[in-house]
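Bear in mind these aren't lab numbers, they're just calculated from the coordinates by the rules spelled out. All of these numbers come straight from a predicted model, not from anything done at the bench. Note that we place each Cβ from the backbone using ideal geometry, even for glycine, and neighbour counts take in every protein chain shown.
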Amino acid sequence: MCFSASVSFTAAATLSILGIATLRQTPSKQELLLSLFPVLFAIQQGFEGWVWLSLKSDAFLWINESATYGFLLFATALWLVLSPMAIYCLEKPSIKRKFILTIAGLGFLFGSYLFGFSIIHGVDPQVFSGHILYDLQFLPFYEFIKYFYLFIIVTPFFLSSQNWLRYFGLIISISFLLAQAFYFITFVSVWCFFAGILSGSLYFRFRYYYSEV
């Protein structure tokens, strides 16, 4: 994922397998979007694998821009909508559900701003200390943006009616803080690594839950 091309592609393949297996165990339409997360992270990490190849070999330089913005499309925009919507789909009609939908709308606007700004400014990934650096510090109030991003991602999890999703939101928050504390420079790539690992764990959650029902 954030360590080398081979790790990225291996992770993408593993998440694809887990994702397909998760989808086969998902009995309701309400859970479909959440169960898609491993497959979506597999696509994102596949993009990062191509970023690695483009940085390591001139033969793959032609794909650098497409792979970079493919990865950033997920990192800066799609997850800001998909995460709230996944929880929204699981909730019964209520004021809380409407609030989660509002957060998803906010995520759409915020993600459009982040991704659009990234395209306009341009992002040139680099290898830094064994990880890929996507330097987004050109964004105004960059540090605030990271925490606001976290707010949009995890708040719907904390509002969920299901206990395990609230715990999942807590683990996502901890992974954010770990990436922020120990991989500050390469935060974007490393947190996506952590998030991808967490998405793979959804397979075991669905398998355990439905084997007990």
TODO: For segment 50-64, just list the computed ³J(HN,Hα) in residue order, Karplus coefficients 6.51, -1.76 and 1.60, θ = phi - 60°, integers in Hz, with x standing in for Gly and Pro.
DONE: 5, 4, 4, 4, 5, 7, 9, 9, 5, 5, 10, 4, 5, 9, 4
Open item on the list: Using the Karplus curve 6.51 cos²θ - 1.76 cosθ + 1.60 with θ = phi - 60°, what ³J(HN,Hα) values do you get for each residue of segment 11-23, in whole Hz, with x for Gly and Pro?
Closed with: 4, 4, 5, 5, 5, 4, 5, 5, x, 5, 5, 5, 4
Task: Label-to-label distance, nm, for residues given as F117 and I197 (7 Å Cα→Cβ offset) - done: 2.9
Open item on the list: As I understand it, the value is the acute angle between the Cα axis of helix 95-121 and the longest principal axis of the Cα atoms of the chain; what does it come to in degrees, rounded to 10?
Closed with: 10
- [ ] Compute from the Cα atoms of segment 102-213 the Rg and the Dmax, the latter being the longest Cα-Cα distance, and quote both in angstrom.
- [x] 16.0, 51
Task: Tilt relative to the chain, helix 187-200 - C-alpha long axis, 0 to 90 degrees, to 10 - done: 40
- [ ] For every helix of n ≥ 4 consecutive DSSP H residues, a contribution of -39,500 (n - 2.57) applies; sum these over the chain, divide by its total residues, and give [θ] at 222 nm rounded to the nearest 500 deg cm²/dmol.
- [x] -24500 deg cm²/dmol
TODO: Kindly list the residues of segment 113-136 that lie in the label zone of I185, defined by a backbone N under 11 Å from the point 7 Å along the Cα-to-C-beta vector.
DONE: 127-133
Open item on the list: Run the reach check for K98 against lysines, Cα to Cα strictly under 21 Å, same-chain hits fewer than 8 apart removed. What comes back?
Closed with: K29
Task: Kirkwood-based shape ratio for the chain, expressed as Rg/Rh from alpha carbons - done: 0.97
Task: Distant-in-sequence amide H partners of T186 (H built 1.01 Å from N, under 5 Å) - done: none
Task: Segment V127-F144, length gained on full extension (0.36 nm per residue, minus Cα span) - done: 3.7 nm
- [ ] Quick one: compute the contact order of segment 45-180, relative version, from alpha carbon pairs under 8 angstrom and 6+ residues apart, as a percent.
- [x] 22
- [ ] May I ask which residue of I132, T10, I171 lies farthest towards the positive end of the charge dipole of the chain, with charges of +1 (Lys, Arg) and -1 (Asp, Glu) on Cβ and the Cα centre as origin?
- [x] I171
Open item on the list: Using a Cα-Cα cut-off of under 19 Å, which aspartates and glutamates could be cross-linked to K92, ignoring same-chain neighbours fewer than 8 residues away?
Closed with: E31
Task: Amide hydrogen neighbours beyond the local backbone of F128, cut-off 5 Å, H modeled - done: L133
TODO: Provide the net charge surrounding A104, with neighbours chosen by a C-beta distance below 14 Å and charges set as Lys +1, Arg +1, Asp -1, Glu -1.
DONE: +2
Task: With Cα atoms, 0 to 90° folded angle of helix 79-90 axis to the chain main axis - done: 10
